[in-house]
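Shown next, in structure tokens, is the structure this report addresses.
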Amino acid sequence: MADSAGQQPSLSSKIEAAFKRLDGWLWQVETAHRSKLHQNFWHISRVLVAVVRDLLRGQITLHAMSLVYTSLLSLVPFLALSFSVLKGFGVHNQLEPLLQNILAAPLGERGPVVVDNILDFVDNIKVGVLGSVGLGLLIYTVISLIQKIERSFNEIWRVSESRSLAQRFSSYLSVIMIGPLLVFSAMGATAALVNSDAVQQAIAFAPLGWVFGFLSKLMPYVIIIGLFTFLYTFIPNTKVKLRHAFLGGLVAGIIWQTSIFGFTLFVSNSTNYTAIYSGFAVGILLLIWLYLAWLILLIGSSVAFYSQHAQQITRSRVNKPSARVDELTGLAIMHRVARQFDHDGGGIYIAKMESSLSVGPETIQRMIKKLLKHKLVEISGTDANQLIPARSLDHITVYEIFHAVRVEETLLPSSLQNDAAVNSMMKTFEGAHEQALGDMTLADWIRQ
């Protein structure tokens, strides 16, 4: 019988060893001494692993399913409002070709049927005769969709605070009213440029014609990646750096174009759906496509988040900050606020702190709430996006800050409140901190 030491390792053991090496490379290997290319590949790999892990947990898919339901309610009102705006500029006839281009690719020959049904609903909505209440409900339905999209993005970006009412009103109305006009203006300008005599003469020249053909095939990717990049910078209620938004847009754009090809094949071979569901088959296919579309959009947002907040990518699925991280974050926020105020008498942008501190935005927001509750900082700025000290720097002690960030956020259980030994030790611990810090003020601290 052959010696076990001389046996070749089995396939399962090879796969297990490969996964162990991959795990060590992702979570344990220090990359500071590696090349820039290796570091970027390592970073992108960790981002993709984190996104796939979130997908398996199901939160992203739940948001996508919720948005499908809201989309069905809001699609016709949104198109009706857009149609009214476009009609005022005489370009409303371009709405149908645009929808045909959007839905024809994924739904194939069933796309025109869906577009005709949607436009029939739009034609039945007469914005001019709805009245104030009807128009208000129409706008509310559309705004609720945009609000739910923002809430889904904020969940992915760990942002607990939504935009203020004034910001929502201005931002949402600009999307509803001006967005469609800008899209059609860009399309019209592009068509005019392509059909101009100078461009047509250039295309006739063989090398330039080949380049133009290549760019025309590349253009759908460029447009969808650019659109996703804009959405990832505009929608979340936090500062999103352009390069991270672009990475999310790049991933989502590639998945989008690939999924269109795959979904088209699925639709072309979905004769069973037609046989089973008859006239409802088109609606079911539309639901599936809407779900995939929202899922792809949210996946790209998750990629952008993990790319910008790489410190949130850990081996554990749940990355809960320790008490020490909370304390250090609260102290760092107060130090930055005080230093900025002492320098020029102004506030510091919350988004700037979120990008400079290597902790999650949810931890920063939680510490800001504690500091606001204890009246150590105040919200300032025209958009309520800055922090300033709530009192003079000479009247805020460092121990007061330390106590504010350490105070419990929920009521203590009675078992802990009544534990004399534990409470005595905590009083000794806090007394030692207070004695060590003495009467040091925030002004003393930043001017050391």
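Packing order of peptides 432-438, 73-79, 442-448, highest average first: 73-79, 442-448, 432-438 (average count of other Cβ atoms within 10 Å over each peptide's residues). Once label points are set 7 Å from the Cα along Cα→Cβ at both SER380 and ARG339, what is their separation, rounded to one decimal in nm? Here the modelled spin labels are 1.8 nm apart. Ranked by the mean number of other Cβ atoms within 10 Å per residue, highest first, peptides 227-238, 35-46 order as 227-238, 35-46. Site pair GLU16 and VAL113 shows an inter-label distance of 5.3 nm when each label is modelled 7 Å from Cα along Cα→Cβ.
Taking 0.36 nm per residue of sequence separation and removing the Cα-Cα distance, the THR264/ALA351 pair yields an extension gain of 27.2 nm. Straightening the chain between ALA310 and MET440 buys 43.3 nm, computed as 0.36 nm per residue apart minus the Cα-Cα spacing.
The H on the amide N of ILE348, modeled in the peptide plane, is under 5 Å from the matching H of LEU387, each at least 5 residues off or on a different chain. Using a Förster distance of 51 Å, how high is the FRET efficiency between GLN417 and LEU55, based on the Cβ-Cβ distance and rounded to 0.05? Between GLN417 and LEU55 the formula returns 0.75. Here r is the Cβ-Cβ distance between ARG168 and GLN448 and R0 is 45 Å; the resulting FRET efficiency, rounded to 0.05, is 0.60.
Every read-out reported here was derived from the displayed coordinates using simple, explicitly stated rules and does not represent laboratory data. Since the structure is predicted, the reported quantities are computational estimates derived from the model, not experimental observations. Positions of Cβ are backbone-derived with ideal geometry, glycine not excepted, and every protein chain shown enters the neighbour counts.
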